[in-house]
2 protein chains.
Amino acid sequence: MRNLRDKKTFWCYEKLSKCCCRLTKPRHAILDVLSATEKHLNAEQIYKSASRIEPNIGLATIYRNLELLVNIGLVWKFETGNSKTVYELAECRHESHHHHLICKKCNSIIDYSGFRDNEKDFIRRREEMLSKKYDFKIQNHCIDFYGLCAKCRNA
Amino acid sequence: MRNLRDKKTFWCYEKLSKCCCRLTKPRHAILDVLSATEKHLNAEQIYKSASRIEPNIGLATIYRNLELLVNIGLVWKFETGNSKTVYELAECRHESHHHHLICKKCNSIIDYSGFRDNEKDFIRRREEMLSKKYDFKIQNHCIDFYGLCAKCRNA
DNA sequence: GTCCTATTGAGAACTATTCTCATTAATAAA
DNA sequence: TTTATTAATGAGAATAGTTCTCAATAGGAC
């Protein structure tokens, strides 16, 4: 058996074991796949890539673990509106959080980050205000803009 | 045949006919249902309510027309993350646009509106900046906060 | 190494949504 | 008002993404 702790997804282990989750090979493969890309992958794509690492992995295991990883906050689940749910690694590595521009025609997703400080401040203040007003513990947010990308607008 | 133009969803007709859509009874029933509530309804709920107005309406018709209404901008489609897609009337009646607080546990949705001017300004400026930077025509946006509602936090 | 039980793989089951197609009805034209 | 055109419909089949079931496996505490 390979040593799971050698791998580049090491930073996830603390969180996993804190949540009393075993560090299984399928889990490991999924995290490897997600950490190897900046793209948003759907379950099928994750399944295909993970199968190259763990050939016998099952699709149900992919779904089960994605749900788990989303629940413990390691992965961010994201619905585009065309029935393809996609997943991406949460900002565990202190990479900048990002928002999305989604094309309603071709469903492509543009990430944008590089927020100015005033954007971060704005969101933080907003979250504070809403938390208080609605007695709601905010854990994260999703800011997406919908419209038409350059390609689709000119096509 | 009842006169469709008598009904309270009159304000939608201009848009519908502009888009060369016929003013059918099923469409009318769906708009009536959506305009009679402030809640977010899923397709099944809309089907049930619309069936009371048009008993023979089919579920496929509900889906077809919701898609149409979303495309022409009369209805806003909204995915909660637990596979229940919900719909609500867009702000055709100049009601204030709103954002959401979504409980990750019970999937309840709190609407909030009452934005201050600086929030509107902020979003407008952001949209301008993003449109230019990414050559992307922004049509609308979705700002949602995820977390735990008071009930679930204390349960 | 042994034990406990969380996790798995495989495939069936489920569910939301979309498709197909013959029939109906909204609208434009006569 | 009647007629013609064709968009829209209802019913049910089909699809696709996801979840469930259950016997077998394997992580990790001891």
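The values are calculated or read from the model by the stated rules, or taken from the named source; none is laboratory data. Fair warning: this is a prediction, and the values are worked out from it, not measured in the lab. Positions of Cβ are backbone-derived with ideal geometry, glycine not excepted, and every protein chain shown enters the neighbour counts.
Out of B:GLY58, B:GLY73, B:GLY81, one residue alone is modelled with pLDDT under 95 and within 12 Å of DNA strand D (Cβ to nearest atom). It is B:GLY81. Going by the conditions given, is A:GLU38 more than 9 Å from DNA strand C (Cβ to nearest atom), assigned to a loop (DSSP other than H, G, I, E, B) and more than 14 Å from every other protein chain (Cβ to nearest Cβ)? So A:GLU38 fits the description; yes.
Being at pLDDT below 80 and either under 11 Å from A:CYS142 (Cα atoms) or more than 7 Å from every other protein chain (Cβ to nearest Cβ) (or both) is the filter here; which residues of the range B:124-147 pass it? Selection gives B:CYS142 alone.
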